[in-house]
Amino acid sequence: MANIKIMLVDDHQIVRDGIKALLESLDNVQIIGEASSSKELLDYLETVKPDIIITDISMPEMSGIELTKIINSDEKYSGIKVLILSMYTNEDFIFNAIKVGAKGYLPKNTSRKELFEAINTIYKGEEYFSEQISNIILKSFIKKAKSEDNPDEKKEAVLSARETEILKMFAEGMSNPEIAEKLFISTRTVESHKNHIVQKLELKSTMDLIKFAIKNKIVEI
């Protein structure tokens, strides 16, 4: 089993110690460093390369969102994924984090089980948002969708029955492995269907898929 190399960024030592204590119980996780600020982390990244950075948002000098933007915009950090772990769960923080490329977002009161699940999901190349965060995202899209008059029914018609089914499951919060298990297909096949859906609908992100599903009443809220 491959080790998932992780670096922790939080300006509170007690928080970093708590996360380390949780993660050290996992056989496939290795904490390769920790930092008390974004700038300190960037110095570390000159010599080490983690698979995942777990960072808070509120930190001195440079926020976790600014750090995430740097990680995702500089080629030398290619392949490094960012998981936000923060007490801030309002809409602006969440969407700003998604906009700059965060692969996941968890509140700090998340369970140990969910933290482990988020790490493994993100390591596999998928995104992970806790149920609380997903609900905030969905409510925001619902609000925006209600203000738009005409759902794009023509685009919906180009999807096959299987693609519509997968889109519905995804918008309801199911992960790729969960969809694969329910439909008795491989995770790779699910990913292929999702890529086709994005191309057919001319969308740009997984968040756009959720918005489309809500607008077109593919998923019931």
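The values are calculated or read from the model by the stated rules, or taken from the named source; none is laboratory data. Note that the structure is a prediction, hence the values are computed from the model and not measured. Ideal geometry is used to build each Cβ from the backbone, glycine not excepted, and the neighbour counts take in all protein chains shown.
Mind listing just one residue for me: the one in segment 180-208 that is within 19 Å of the chain's Cα centre (by Cα) and basic (Lys, Arg) and, of those, nearest to Lys99 (Cα to Cα)?
This residue is Lys204.
Identify, by number, the condition in (1) modelled with pLDDT under 90; (2) of a type in the set (D, E, K, R); (3) in contact with a Ser or Thr (Cβ under 7 Å, 6 or more places away or on another chain) that Glu127 doesn't meet.
With respect to (1) modelled with pLDDT under 90; (2) of a type in the set (D, E, K, R); (3) in contact with a Ser or Thr (Cβ under 7 Å, 6 or more places away or on another chain), Glu127 is out only on (1).
Any residue at all in segment 181-194 that's aromatic (Phe, Trp, Tyr), out of contact with any strand residue (DSSP E or B) (no Cβ under 8 Å at 6 or more places or on another chain) and in a helix (DSSP H, G or I)?
Looking through segment 181-194, none of the residues is aromatic (Phe, Trp, Tyr), out of contact with any strand residue (DSSP E or B) (no Cβ under 8 Å at 6 or more places or on another chain) and in a helix (DSSP H, G or I).
Kindly indicate the residue of segment 93-108 that is farther than 15 Å from Ile80 by Cβ and not hydrophobic (A, V, I, L, M, F, W, C) and also nearest to the chain's Cα centre (by Cα) among those meeting that condition.
Selected residue: Tyr105.
Going by the structure shown, is Lys211 within 18 Å of the chain's Cα centre (by Cα), in a helix (DSSP H, G or I) and within 21 Å of Ile137 (Cα to Cα)?
When the stated conditions are applied, Lys211 passes them.
How many of the residues making up segment 38-89 are part of a loop (DSSP other than H, G, I, E, B), surrounded by fewer than 16 Cβ atoms within 10 Å (Cβ to Cβ) and polar (S, T, N, Q)?
3
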